[in-house]
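Peer 1: After the C-alpha cells below, expect a handful of questions from me.
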Amino acid sequence: MGARFLSDAEVMQLVNSKHIPAYKLEAMMEKPERGVAIRRQMLSSKLPSPSALSSLPYTHYDYSKVIGTCCENVIGYMPVPVGVAGPLHLDGKQFQVPMATTEGCLVASTNRGCRAIALGGGANCRILADSMTRGPVVRLPSACHAAEVKAWLESTDGFQVIKDAFDNTSRFARLQKLLVGLAGRNLYIRFHSKTGDAMGMNMISKGTEQALSILQQHFPDVQVIAVSGNFCTDKKPAAINWIEGRGKSAVCEATIPAKVVREVLKTTTAALVEVNISKNLVGSAMAGSIGGFNAHASNLVAAIYIACGQDPAQSVGSSNCITLMEASGPTGEDLYITCTMPSIELGTVGGGTSLPPPASLPPDAGRAGRQSGLSRGERTAVGAGSVCHRAGWRALTDVCSGCRPPGQESHDTQQIQSEPTGARDVHKESLLRASCIEPRSQDRAVNMDNMEENNYSLFIEAELSCLSRAFNETLECLWTNLYAGYDANQTLRWTYFIFCICVCLWGWLLLFPHLQ
C-alpha cells in the first residue's frame, strides 16, 4: 500500500524511521501540497514555537513546477510585494516593469524617472554582446606544458576542435571564443557561448565538460580540477565581468529637455552632472568599486529579478554599470545620459521563469524589442538596462533636490517622527540644510533662495507640530495633576497650573511672527 493511503501521523512515523526520505514527500503523496503540509508539521514540532510557521503560506500553489527545478524540502512560499513602474518608453515601444521589493519608495522613484524620460521622447537601447561564460581550471605537470596547451587552445585548429565538441551538446549553445589564463601550471579557460533565451549555466556547463573531455584526448596529462574555477565569474564581484562582459551587454541612452529637468526633476542639468561625477565616478573610484559606477542599480536589478523569476544572487554581476551624464542641446541645459551594463545575467526560460506568477509578468517587457529581431532574453536585458538607466539618474535627482536617497525619504521621516522630540527638534533645521547640495554657476543664488525658502517652511511646520504636541502633553499632564489625585495644597496646584499656561502662551507668541 502506497504512502498516499496512510494518515499524516503514519507518514511522519515512517519518515522518522528513515523508511521514507523526507525530500520525497511531495512525490509520494497524492498531491504535492500534502507532502509540504506533512513536512511543516514535522518541522513545527522541532521549533521553539509550534505556531512559528503559521504566517508562512503554503496552500493554493502549483508545487509541480517547483519539484526538481526550483527548491527542495519545501515548507511554503514567501509572498513579496510586487509593484509596477511605467509605462517604460523604449525604442518607440511602451511596457510596464514589475518590481518585487520591500524597500518603500523604490517603485515610486523609478516610476517618476520613467515619466521624466517619457516627456523627453523616451530612451533607446542596444545589445552589444550576448555571451554566457564558464571558466574551468585544469592542471598540467609543468608550467611549460601548461603554456603549450594554452597556445594550442588559442590556435585556430585547437579552437575549432573544442568548438565542435562544445556545440554538439546543445541545439542552442554555440561557442564564440576562449579566454585562457595561466597561473603556474594551472590553466583557467573561460568559455564564451550564446545560450538562446536561457540564462544557460547548465547548458554551458554540459558543453564545457564535453570540451574538457576532448582536450584530455589531445593532452592526456590534463587534470580537471573544477568545471567552475571562478574564472567565469558567477555571483561574485569580478573585474573580468566588468571588462569582458558576461551574459547580455547593453547600453541605453536618453535626452531630457531642460524644461523637464527644471519642472519635473526640480533641479538643474549642471547640478546633476556635477553630482554624477563626484558620486558615481570619483566616489566609486575612491571606494575601489568594481562596476559600481552608478547610484543604486542593484536595487532595480534585484527587484526585477525577483518579480520575473530570475536568480537574485546574479544581481551581483548584473548590476555592474556605469552612468554618464553631460550637458547637451543648443544652450547646454538639456541632459544627455547613458547607462552601460556589460554583464546582465538572465533568461526567459528555465529556472523560476516557469513558475506561474513570474511567467505572467515578463511578456510585456519582451514586446519592447520584438520588432528588432532580438531574442526574448536580449529583449528582457534591454528592459532591465533601461530601468537601471532611469533609476540611476533619478537617484541623483533626489540628491540634487535635497531629498534623501530613493526608498528612504518618506520612511526616514516616519522614523524621525518616532524619535524623542528633543533629539529631533534640535537638529531639524540643520538636517534639512545639510541634505541640500548647492548648485554652481550663475543659477546658484536663485536656487539657494528657493532651497532656503522651502527648508525654512519645513522647519516652521516641524516646530508648529512639535509645539502642538507639547501643548497636548501639557494639558494631559494638567488633567492628571489637578483632577487625578495630585497630593499638594490648593495654592501649589493653582501655581503649577498658571505656570504651564504661561509656558504654552510663550511658545505661541514666539512663533506668531512667522505665521504672518
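Nothing in this text is a laboratory measurement; each read-out follows from the coordinates by a stated rule. Only a predicted model underlies this, so the values are computations on that prediction, with no experimental measurement involved. With ideal geometry, Cβ positions are generated from the backbone for all residues, glycine too; neighbour counts draw on all protein chains shown.
Peer 1: Near the amide H of Leu346, under 5 Å away, which other amide H atoms are found, from residues 5 or more places off or on another chain, if H is placed in the peptide plane?
Peer 2: Lys248
Peer 1: Below 22 Å, Cα to Cα, which lysines can Lys46 reach? Residues fewer than 8 away in the same chain don't count.
Peer 2: Leaving aside lysines fewer than 8 places away in the same chain, those within reach of Lys46 are Lys18, Lys24.
Peer 1: Using Cα pairs closer than 8 Å and at least 6 residues apart in sequence, work out the relative contact order for the range 3-65, in percent.
Peer 2: Working: 41 pairs, mean separation 16.2, N = 63.
With pairs under 8 Å counted, the relative contact order is 26 percent.
Peer 1: Which of rounded, prolate or oblate describes the range 244-285 when judged by the alpha-carbon gyration tensor and an a/c cut-off of 1.5?
Peer 2: On the way: a/c = 4.10, a/b = 1.53, b/c = 2.67.
Oblate, because a/c is 1.5 or more while a/b does not exceed b/c.
Peer 1: Fully extended, how many nm does the chain gain between Glu10 and Phe159 (0.36 nm per residue separation, minus their Cα-Cα distance)? Don't skip to the end; give the middle numbers.
Peer 2: On the way: separation 149, 0.36 × 149 = 53.64 nm, distance 5.90 nm.
Difference between extended and current length: 47.7 nm.
Peer 1: Straight distance only, please: which lysines reach the Cα of Lys150 with their own Cα at less than 24 Å, same-chain residues fewer than 8 apart left out?
Peer 2: Cross-link targets: Lys163, Lys177, Lys194, Lys206.
Peer 1: I would also like to ask the following. Suppose R0 equals 45 Å. What FRET efficiency, 1/(1 + (r/R0)^6) with r the Cβ-Cβ distance, do Ala313 and Phe499 give to the nearest 0.05? Provide the component values of the computation, followed by the final result.
Peer 2: On the way: r = 63 Å, r/R0 = 1.40.
The computed FRET efficiency comes out at 0.10.
Peer 1: Could you give the C-alpha radius of gyration of the range 3-65 expressed as a fraction of 2.2 N^0.38 Å, taking N as the number of residues it contains?
Peer 2: Details: Rg = 11.7 Å, N = 63, 2.2 N^0.38 = 10.6 Å.
With N residues counted in the range 3-65, Rg over 2.2 N^0.38 Å equals 1.10.
Peer 1: Using the Karplus equation 6.51 cos²θ - 1.76 cosθ + 1.60 (θ = phi - 60°), what ³J(HN,Hα) coupling, rounded to whole Hz, does each residue of the range 76-83 give in order, writing x for Gly and Pro?
Peer 2: Ordered by residue, 3J(HN,Hα) equals x, 9, 9, x, 10, x, 10, x Hz.
Peer 1: Per residue of the range 325-336, what does 6.51 cos²θ - 1.76 cosθ + 1.60 with θ = phi - 60° give for ³J(HN,Hα)? Whole Hz please, x for Gly and Pro, Karplus curve as stated.
Peer 2: Once θ is set to phi - 60°, the couplings for the range 325-336 become 10, 7, 6, 8, x, x, 9, x, 10, 6, 10, 9 Hz.
Peer 1: Post the alpha-carbon centroid distance, the range 56-124 to the range 215-232, in whole angstrom.
Peer 2: 40 Å
Peer 1: How do Thr133, Thr110 line up, fewest other C-beta atoms within 10 Å first?
Peer 2: On the way: Thr133 27, Thr110 30.
Result, fewest neighbours first: Thr133, Thr110.
Peer 1: Taking the Cα centroid of the range 138-193 and of the range 280-316, what is the distance between the two, rounded to the nearest whole Å?
Peer 2: Comparing the Cα centres of the range 138-193 and the range 280-316, I get a distance of 31 Å.
Peer 1: Report the FRET efficiency, 1/(1 + (r/R0)^6), for Lys24 and Val224, where r is their Cβ-Cβ distance and R0 is 30 Å, rounded to 0.05.
Peer 2: Details: r = 32 Å, r/R0 = 1.07.
That pair, Lys24 with Val224, gives E of 0.40.
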